[in-house]
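Have a look at the structure below, then the notes.
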Amino acid sequence: MRLRSLNFLTNPSRQNRQFAVIGLGRFGRAVCQTLHEMGCEVLGTDIDEKLVTQVLTQRIASHAIQLDSTEPESLKEAGIFEMDTVIVAIGNYLQESIITTLNVKEAGVEHVIAKASSEIHGKVLQRVGADRVVFPEREAGCSLARTLNQPALLERFELDPENSIVEILVPETFHDKTIAQLELRRRYGISILAIGDGDKFVTNPNPQERLKKGSIMVVIGSNRNIQRLPI
Ligand code: ATP
């Protein structure tokens, strides 16, 4: 199961398939490539001609254009204002990132996601209208720490900052016990949504189902409660 595929729960632009990514650094290129691989229409832009050429050569976006995103005219000409979602992937150039976010919001783009390089940068991006601000380095750091702490936790989909759906290996202490015997709701405040072996899952498993060490369970609960599981 790919929990990332549950992104539609929080992604307002699922129905809209036209994206522009402004800034083709490592983060911007990763966004372009992933959207493109998922079959979305993606326009990548950067002020640096070399990066634009690289994106075209590697075919990680449907289109790529060199432009200065601080110039509203250039954005308009490139058709950026007609996109449903624009990702401002400029982290280190504060002024350019802020002006670009302001430009696209002022022109009426509905969903604007901006990358921030610090807390204060994030606040300013919100003030100029970003609908969502992401802190990739911080998020990657948190996610790494969680995996190090709970190596049996295979995947996590965050419903909100406090609650998640996670895919975890059935711990040794749960081996050969039925779901009913484990009383996970009462003891840990979590619920099992599915169990399986990675390729095939049974959803809403029967409480009499026995768990096997090494198989996978998908559970929902608060991060605090998930943290308490013996994995
Ligand atoms: P990453 O951590 O994603 O690799 P980076 O350090 O490569 O980021 P940033 O400094 O965040 O890159 O900038 C991302 C991209 O934004 C760069 O490739 C840069 O050329 C581009 N960029 C900067 N200013 C503008 C601008 N005014 N218009 C368009 N692109 C710009």
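The values are calculated or read from the model by the stated rules, or taken from the named source; none is laboratory data. Being a predicted model, the structure only gives us computed values, none of them experimental. In this analysis, Cβ positions are derived from the backbone assuming ideal geometry, glycine residues included, and neighbour counts consider all displayed protein chains. Just so you know, the surface numbers come from the protein's heavy atoms only, side chains and all, with ligands and any DNA or RNA stripped out. Shrake-Rupley method; radii C 1.70, N 1.55, O 1.52, S 1.80 Å.
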Quick one: in segment 135-151, of everything that is of a type in the set (A, V, I, L, M, F, W, C) and modelled with pLDDT of 85 or more, which residue is surrounded by the most Cβ atoms within 10 Å (Cβ to Cβ)?
135
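With 230, 161 as the choices, which residue is in contact with a helix residue (DSSP H, G or I) (Cβ under 9 Å, 6 or more places away or on another chain), modelled with pLDDT under 90 and over 30 Å from residue 94 (Cα atoms)?
Unique residue meeting the criteria: 230.
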Segment 41-56, residues that are more than 21 Å from residue 133 (Cα to Cα) and either surrounded by fewer than 16 Cβ atoms within 10 Å (Cβ to Cβ) or not charged (D, E, K, R) (or both)
47, 48, 49, 50, 51, 52, 53, 54, 55, 56
I'm checking my understanding of the structure. Among residues of segment 1-11 that are loosely packed, with under 14 Cβ neighbours inside 10 Å and part of a loop (DSSP other than H, G, I, E, B), which one is modelled with the highest pLDDT?
2
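Going by what's in this entry, would residue 226 be described as buried (at least 17 other Cβ atoms within 10 Å of the Cβ) and in a helix (DSSP H, G or I)?
It is true that residue 226 is buried (at least 17 other Cβ atoms within 10 Å of the Cβ) and in a helix (DSSP H, G or I).
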Can you find even one residue in segment 131-143 that is basic (Lys, Arg) and within 25 Å of the chain's Cα centre (by Cα)?
yes
Could you tell me which of the residues 160, 176 is open to solvent by 30 Å² or more (accessible area, probe 1.4 Å), among the acidic types (Asp, Glu) and within 30 Å of residue 133 (Cα to Cα)?
160
Given the options 23, 122, name the one that is closer than 26 Å to residue 161 by Cα, open to solvent by less than 10 Å² (accessible area, probe 1.4 Å) and within 15 Å of the ligand (Cβ to nearest atom).
122
Residue 59 vs (1) open to solvent by less than 80 Å² (accessible area, probe 1.4 Å); (2) at pLDDT below 95: all pass except (1)
If I filter segment 105-119 down to residues being of a type in the set (A, V, I, L, M, F, W, C) and within 12 Å of the ligand (Cβ to nearest atom), which single residue comes out as nearest to residue 45 (Cα to Cα)?
114
Keeping to segment 26-68, report how many residues are within 21 Å of residue 106 (Cβ to Cβ) and either more than 24 Å from the chain's Cα centre (by Cα) or more than 8 Å from the ligand (Cβ to nearest atom) (or both).
5
For residue 77, state whether it is open to solvent by 20 Å² or more (accessible area, probe 1.4 Å) and either in the same structural domain as residue 211 (by TED's automatic domain parsing) or modelled with pLDDT under 95 (or both).
no
